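Note sheet for the following structure.
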Amino acid sequence: MHYLKNLLLLLSFSFFLFSCSDDDAGNPAPVSPYQNYLKIDNEFYELNSAQAFYDEDYPTLFTLWLLKDDDEQLISFDFLRSAEEADLSNGTYSFKQPVSGNASNFEQGKFYYVLAKANAETSINSGETQVVQGETKIKKLGEGNYEITYKVKFQNKTVEGYYKGEVEIMESW
C-alpha cells in the first residue's frame, strides 16, 4: 500500500510538472531592433534625436520631441514639469485631458497633448483620438542626457517607446 501511495504521488507530481508548457506563456512581446524607438501597435520606428522647447512666459510648460532626423518619425508631448529651470525634470508624468488651452489651468506632473507619427499614413494624436491612459517617465542621467520611456493607450492604438541620449533644450521655436 505504501508503494502504491508513493507511485500515485510521483505520477501526480510528474503530471503537474510536465503539463505546464511554454505555450501557456503566450506570444513573447516583440523586441525593438533599435536602441531608441517609437512603437505604434507592433511596428517599430527608429528615433535618434530629441529636442525640448519651453516658452519664456510659461517656463514650466515644455514640448518634448523624440524624433528621427527627417522629422518623419516622431513622438511629441506637451507637459507641465515641476521646476522652473530651463531643464527637464525627473519624474513620472501621466496624461490628463486638458480643460482648456490655457496653460494656467494645467497641473504639474501631467502631459496634455501627444502626437505620434511614423509616416504620412501612420499618425495619431490626442486632439483627434481619445487617450485612455498614458505615462511618460523622464530620468536625467547627466548634463543634457536623459532616459525617457513612454506608453500611451489611445482608443484604437497603443504607442510606446524608449529614448536614451542627449536632449537639446531651447526656448520657443
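General remarks:
- Residue in the range 130-142 that is more than 16 Å from GLN51 (Cα to Cα), of a type in the set (Val, Ile, Thr) and in contact (Cβ under 8 Å) with a residue 40 or more places away in the chain present: no
- Residue selected from the range 124-173 under the condition under 19 Å from GLN73 (Cα atoms), among the charged types (D, E, K, R) and not in a strand (DSSP E or B), by the criterion modelled with the highest pLDDT: LYS157
- Scanning the range 112-123 for residues that are aliphatic (A, V, I, L, M) and either more than 13 Å from LYS151 (Cα to Cα) or outside any strand (DSSP E or B) (or both) returns ALA118, ALA120.
- Residue check for LEU66: in contact with a Leu (Cβ under 6 Å, 6 or more places away or on another chain), within 27 Å of GLU171 (Cα to Cα), of a type in the set (A, V, I, L, M) and modelled with pLDDT of 70 or more: yes
- Screening LYS137 with (1) over 24 Å from PRO33 (Cα atoms); (2) out of contact with any Leu (no Cβ under 6 Å at 6 or more places or on another chain); (3) of a type outside the set (Phe, Trp, Tyr); (4) surrounded by fewer than 18 Cβ atoms within 10 Å (Cβ to Cβ) gives one miss only, at (1).
- Check on LEU8, more than 18 Å from ILE138 (Cβ to Cβ), surrounded by 10 or more Cβ atoms within 10 Å (Cβ to Cβ) and at pLDDT below 75: yes
The values are calculated or read from the model by the stated rules, or taken from the named source; none is laboratory data. Computed from a prediction, not measured in an experiment: that's the story for all the values here. In this analysis, Cβ positions are derived from the backbone assuming ideal geometry, glycine residues included, and neighbour counts consider all displayed protein chains.
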